[in-house]
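Down below is the structure, laid out as structure tokens.
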């Protein structure tokens, strides 16, 4: 029994032939001198609806495809330095594609330290079950994270915003992303709307600032945002695009203090602040729904802020927001 560690094409052809005659798994196993469990697993792996649909050629192709994936993923097993580097960036919430592009930039002439994002994914998913696999996979951005439109609508109250400038009045240069200094802002709200964190994102460089808030009222938000912008050079703070949340009711005073003109998006139109919406979805890796932001100290917010700004972005040709923003300061 079990003369081969894995089935070969001739055995798969026999399985296909006997399944067509509606032979049982035990009869097939006896004929090809294999364990019944081996035959059963082989059929299940091909995911056919009925056994009679099993085909040897397709099963063999699937086996070779998996074998290639495993072979490539072993590159990380054979190269501890590469594996440790990949794991380090995964712990920083980088995606496999970001890691692959960054390694190519860091080691342009060293193929040993380069790896494709497909190989990283393959390696992670063939890891044996355990704490390490669970920890590493938790760093991946598995699914698209949907915004909580209904909860957000509860704080969108155009009646609280007076004498505001509509996004339709915003200069064309903002939409074109030609010149830096144009920002988008928002709040990420915690459990039961009891706490919140402010987010400010520069549209051209994707530079992000996380703002600690004691409350969500207009005075607190206005002061906290103004304080955050104090560290930004004058030439890099021109406009701020925001939704019609009540926390920006003091936008006129904010503009007087910062010289930043505030433009308001239309109600329930998150795509008009797409950069900020995308950034908030990335931040959900760190702050899942139900987070109590009042319990997160400011220094921790800044650690996560730096981590996010040190992740390479495809839209920045795989540079980081920190690198792009630093270029503007030279």
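The values are calculated or read from the model by the stated rules, or taken from the named source; none is laboratory data. What you see is a predicted model; the values in this text were computed from it and never measured. Quick reminder, even Gly has a Cβ in these numbers, built from the backbone with ideal geometry, and neighbours come from all protein chains shown.
Details
- When region 307-317 is filtered for residues that are in contact with a helix residue (DSSP H, G or I) (Cβ under 8 Å, 6 or more places away or on another chain), farther than 14 Å from residue 275 by Cβ and surrounded by fewer than 17 Cβ atoms within 10 Å (Cβ to Cβ), only 310 remains.
- Test: residue in region 218-231 that is at pLDDT below 95 and closer than 20 Å to residue 301 by Cβ: yes
- When residues of region 87-117 are limited to those that are assigned to a helix (DSSP H, G or I) and farther than 21 Å from residue 315 by Cα, the one nearest to the chain's Cα centre (by Cα): 91
- Region 271-284, residues that are surrounded by fewer than 17 Cβ atoms within 10 Å (Cβ to Cβ) and either at pLDDT below 90 or over 18 Å from the mean Cα position of the chain (by Cα) (or both): 271
- The residue that is surrounded by the fewest Cβ atoms within 10 Å (Cβ to Cβ), among those in region 25-54 that are assigned to a loop (DSSP other than H, G, I, E, B) and at pLDDT 75 or above, is 33.
- Filter result for residue 275 (assigned to a helix (DSSP H, G or I), farther than 19 Å from residue 300 by Cβ, in contact with a strand residue (DSSP E or B) (Cβ under 6 Å, 6 or more places away or on another chain) and touching a residue at least 40 places away in the same chain (Cβ under 8 Å)): yes
- Residue check for residue 268: under 27 Å from the mean Cα position of the chain (by Cα), over 26 Å from residue 104 (Cα atoms) and in a helix (DSSP H, G or I): no
- Of all residues making up region 303-323, the number that are over 19 Å from residue 99 (Cβ atoms) and out of contact with any strand residue (DSSP E or B) (no Cβ under 7 Å at 6 or more places or on another chain): 1
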